[in-house]
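I have placed the structure first, in the form of structure tokens, so that the comments after it can refer back to it.
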Amino acid sequence: MREPAFWHQTDKYARSAAPLTRALLTPLSAIYSWAGARRIEKTEPEAVSAQVICVGNLTLGGSGKTPIVAALRDYFSAKGLRAASLSRGYKGKLEGPLKVDFNAHTAVDVGDEALMLSCSGEAWIGKDKVEAGKAMSADGVDIIIMDDGHQNPTLAKDLSIVVIDGGNPCGNGFVFPKGPLREPAERGLSRADAVIVTGELKGLFDELKSFEGPVVQGHTVSNGPVADGPLLAFAGIGRPAKFFDTLTREGGNVVDEVPYPDHHTFTQDDIDFLHGLAKERGARLITTEKDYVRLEKAQRDNILTHPVHAEFDLAPLERLFEPLTRKDS
């Protein structure tokens with residue numbers, strides 16, 4: 001789904017903020033918010049033997065969670081624990097629970113996020129979070145890093161971390177479909193133990209000002225230099241502009257940009273169009289790792305990637321992590 005532009009218009013009285021559309025959507029937004037709150041209130045979370053850390057967010061679309069999941073998995077693995085990510089497997093045809101094998105599965109099977117996470121560590125998918133947690137625990141996983149699920153109350157969480165995109169913290173501040181929030185920010189933060197802000201936060205919003213847990217600044221850092229020469233960048237992630245800006249900021253010669261909706265399934269027509277446009281511009285194609293793994297193997301020829309990882313100060317979080325690093329806890 002391509003997000004409507006008015007979701008990100010912070011001036012609520014501007015014409016581009018679509019005040020009439022927002023007004024018409026207010027009842028649906030109220031129902032969506034009420035239903036989410038009721039589900040959380042009425043559901044009794046089920047615990048599993050593995051420790052569970054949820055890395056979630058407040059909004060629909062990307063906030064930079066997946067690189068943070070990978071970084072936390074690396075952190076706990078370095079402590080001698082068996083840490084694995086758990087994703088829903090969005091847009092994948094398999095429901096799980098199952099351990100992802102990059103050489104055996106495709107994004108069509110398990111979704112792009114899980115497949116990308118399997119490139120750098122142990123990754124699982126499971127539409128049913130409780131069943132997945134049980135399967136991972138039975139297989140010997142010590143720490144489950146759940147990619148998304150802050151609004152899913154079924155699996156008991158030992159720690160909840162909310163990731164906020166500093167460049168677009170809450171959009172217009174309204175709940176879906178009136179805005180991009182999955183729930184009111186204050187309610188979401190009330191269940192969080194810590195917040196990681198990715199990128200530069202453009203001013204603290206009121207709900208974050210009153211948050212009592214640690215708020216950590218994080219950044220997406222490239223694994224290496226941007227490819228040389230003219231580049232035509234394309235991306236189907238939550239905010240494609242973040243990827244395009246990263247390439248330019250790090251010295252890439254980006255001659256054109258082609259954004260697609262989040263989790264876009266690239267058809268052969270898309271690929272042919274991109275190659276044709278790149279030829280016109282005298283450029284090479286470049287995309288994100290997440291988009292690259294979503295391509296069919298035959299479509300990956302002559303397409304570059306720009307791998308990134310998350311960096312953030314772990315020190316403020318280590319007090320929260322310490323109980324989880326004890327295998328006998």
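The values are calculated or read from the model by the stated rules, or taken from the named source; none is laboratory data. From a predicted model like this one, the values you see are computed outputs, not experimental measurements. Please note: Cβ atoms are built from the backbone with ideal geometry, for glycine as well, and neighbour counts cover all protein chains shown. What goes into the accessible areas is simple: the full protein's heavy atoms, side chains included, and nothing from ligands, DNA or RNA. Shrake-Rupley method; radii C 1.70, N 1.55, O 1.52, S 1.80 Å.
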Revision key, fill the gap. Interchain or sequence-distant (5+) residues whose placed amide H lies within less than 5 Å of the amide H of Arg82 are Asp142, Ile143
Review point. Amide H to amide H, which residues 5 or more places from Ile164 or on other chains are under 5 Å from it, using H placed in the peptide plane?
Key: Ile196, Val197, Thr198
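So what's the convex hull volume per residue for the Cα atoms of the range 219-293, in Å³?
Details: hull volume 6.3 nm³, N = 75.
Per-residue hull volume (Cα only) is 84 Å³.
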Review point. Hey, got the dipole for the chain? About the Cα centre, +1 on K and R Cβ, -1 on D and E Cβ, debye to the nearest 20?
Key: 660 debye
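Within the set of other residues whose C-beta is less than 14 Å from the C-beta of Leu277, count the net charge using Lys and Arg as +1 and Asp and Glu as -1. Walk me through the intermediate numbers first.
On the way: positive: Lys279, Arg281, Arg284; negative: Asp256, Glu257, Asp269, Asp270, Asp272, Glu280.
Net charge in that neighbourhood comes out at -3.
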Check your understanding: In sequence order, what are the phi-derived ³J(HN,Hα) couplings for the range 206-221 according to the Karplus relation 6.51 cos²θ - 1.76 cosθ + 1.60 with θ = phi - 60°, rounded to whole Hz, with x for glycine and proline?
Key -> 3, 5, 6, 4, 8, 6, 8, x, x, 10, 10, 8, x, 9, 8, 10
**Study point:** the range 151-203 - Debye-derived log10 I(q)/I(0), Cα point model, q = 0.16, 0.30, 0.31 Å⁻¹
**Key:** -0.52, -1.24, -1.26
Revision key, fill the gap. For Lys127, counting only aspartates and glutamates whose alpha-carbon sits under 14 Å away and dropping same-chain residues fewer than eight positions off, the answer is Glu95, Asp109, Glu113, Asp147, Asp148
Check your understanding: What list of whole percents do you get for P(r) of the range 127-178, with Cα-Cα distances grouped in 10 Å bins up to the one holding the largest distance?
Key -> 19, 41, 25, 13, 1
Practice item. With 10 Å bins from zero, work out the P(r) of the range 254-317 over every alpha carbon pair and list the percent per bin. Key: 17, 50, 19, 10, 5
Review point. What is the log10 of I(q)/I(0) for the range 87-186, computed with the Debye formula using one identical point scatterer on each Cα and no solvent, at q = 0.10, 0.15, 0.22 Å⁻¹?
Key: -0.33, -0.70, -1.14
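Suppose a student asked you for the relative contact order of the range 224-329, using Cα pairs under 8 Å spaced at least 6 residues apart; what percent would you report?
Relative contact order comes out at 28 percent.
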Check your understanding: With a Cα-only, solvent-free Debye model of the range 128-233, what are the log10 I(q)/I(0) values at q = 0.16 Å⁻¹?
Key -> -0.87
**Study point:** Within the accessible area of the range 1-157 (1.4 Å probe), percent carbon and sulfur
**Key:** 54 percent
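Quick one: in the range 24-64, what % of C-alpha pairs are over 14 Å apart?
Working: 565 of 820 pairs.
When all Cα pairs of the range 24-64 are counted, 69 percent exceed 14 Å.
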Check your understanding: Which percentage, to the nearest 5, of the DSSP beta bridges contained in the chain is antiparallel?
Key -> 15 percent
Revision key, fill the gap. Calculated from DSSP helices alone, with each H run of at least 4 adding -39500 (n - 2.57) and the total divided by the residues of the chain, [θ]222 nm to the nearest 500 comes to -9000 deg cm²/dmol
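Where the accessible area of the range 268-329 is counted over protein heavy atoms with a 1.4 Å probe, how much of it, in %, is carbon and sulfur? All intermediate terms of the calculation are to be shown ahead of the outcome.
On the way: 1730 of 3640 Å².
With neighbouring chains kept in place, the figure for the range 268-329 is 47 percent.
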Point to revise | Relative contact order for the chain, counting Cα pairs under 8 Å that sit 6 or more residues apart, in percent | key: 20 percent
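Out of all Cα-Cα pairs in the chain, roughly what percent, to the nearest whole number, are more than 31 Å apart? The partial results should precede the final answer.
Values: 17986 of 53956 pairs.
Tail of the P(r) past 31 Å holds 33 percent of the pairs.
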Review point. Of Lys12/Lys178; Lys91/Lys157; Lys99/Lys290, which ones are farther than 22 Å apart at the Cα?
Key: Lys91/Lys157
Point to revise | Cleavage-rule hits (chymotrypsin sites (Phe, Trp or Tyr not before Pro)) in the range 1-109: DSSP loop, at most 13 neighbouring Cβ within 10 angstrom | key: Tyr13
Practice item. Provide the three semi-axes, in whole Å and in decreasing order, of the ellipsoid equivalent to the range 31-120 as defined by the square roots of 5 times the Cα gyration tensor eigenvalues. Key: 25, 18, 14
Revision key, fill the gap. Residues meeting the amide H criterion for Ala235 (H placed from the backbone, H to H distance under 5 Å, 5 or more places apart or on another chain) are Val258, Tyr260
Practice item. Report Rg (one decimal) and Dmax (nearest whole number) for the range 86-134, counting Cα atoms only, units Å. Key: 9.2, 26
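Using the heavy atoms of the protein chains and a 1.4 angstrom probe, tell me the accessible area per residue for the chain in square angstrom. Please list the in-between numbers first.
Details: 15590 Å² over 329 residues.
Dividing the accessible area of the chain by its residue count gives 47 Å².
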Review point. Setting aside same-chain residues fewer than 8 positions from Lys79, which lysines have a Cα under 18 Å from its Cα?
Key: Lys327
Review point. Among Lys93, Lys127, Lys297, which one moves the most in a GNM of the chain with springs linking Cα atoms closer than 10 Å?
Key: Lys297
Revision key, fill the gap. Whole-Hz Karplus couplings 3J(HN,Hα) for the range 130-145, θ = phi - 60° and coefficients 6.51, -1.76, 1.60, Gly and Pro as x, run 5, 4, 5, x, 5, 5, 5, 4, 5, 7, x, 5, 8, 10, 9, 9
